[in-house]
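The values are calculated or read from the model by the stated rules, or taken from the named source; none is laboratory data. Keep in mind that what you see is a predicted model, and the values were worked out from it rather than measured. Note that each Cβ is placed from the backbone with ideal geometry, even for glycine, and that neighbours are counted across all protein chains shown.
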């Protein structure tokens, strides 16, 4: 019986990790940015997100879109992680909702760059290739919540994005 629970949770971690990353890749691409760097870092990102989901330490996955000349934030997408929600055990990813809000947020300027940042609980184990950083300021931006975006058997992520006021 324990083996089934472990396998189910491992499957949930894989599903949620895959779909968070796929959603962020769509955001990058549909915002007019080149996803090649993101795709090139896929294995490292997958390893880190999965590791911290497994231990319930991951709190948030963040995609910052910024101006490389001023280092200021142009926009930001957040995936807030939820553990232990009880539902019907189903799974889904709401890609239409994300696509709608990408169109609403608009294309990023041609000079824009992006980076993936994760927030985890204090004391979480280290993952090779990942280190501490500071998020760019969200001053002048307002947060728009999309609600639940990815879910599998109680493990999920709710998306939101930040846009200019």
Name the pairs whose Cβ atoms lie under 6 Å apart, with the first residue in segment 139-165 and in contact (Cβ under 8 Å) with a residue 40 or more places away in the chain and on the phi > 0 side of the Ramachandran plot, the second assigned to a strand (DSSP E or B) and surrounded by fewer than 22 Cβ atoms within 10 Å (Cβ to Cβ), and 6 or more positions between them or separate chains?
147/158
Please specify each residue of segment 21-73 satisfying the condition of being closer than 19 Å to residue 103 by Cα and in a loop (DSSP other than H, G, I, E, B).
31, 32, 33, 34, 35
Members of segment 110-125 found to be assigned to a loop (DSSP other than H, G, I, E, B), under 20 Å from residue 163 (Cβ atoms) and touching a strand residue (DSSP E or B) at 6+ places or on another chain (Cβ under 8 Å), listed by number:
112
Every residue in segment 112-134 that is under 23 Å from residue 37 (Cβ atoms) and surrounded by 13 or more Cβ atoms within 10 Å (Cβ to Cβ), please.
112, 113, 114, 115, 116, 117, 118, 119, 120, 127, 130
I'm checking my understanding of the structure. Among residues of segment 136-145 that are in contact with a strand residue (DSSP E or B) (Cβ under 6 Å, 6 or more places away or on another chain) and in a loop (DSSP other than H, G, I, E, B), which one is surrounded by the most Cβ atoms within 10 Å (Cβ to Cβ)?
136
Considering segment 51-68 alone, what residues qualify as being in contact with a helix residue (DSSP H, G or I) (Cβ under 9 Å, 6 or more places away or on another chain), modelled with pLDDT of 95 or more and surrounded by fewer than 20 Cβ atoms within 10 Å (Cβ to Cβ)?
57, 59
Can you confirm whether segment 92-109 contains a residue that is modelled with pLDDT under 95 and assigned to a strand (DSSP E or B)?
yes
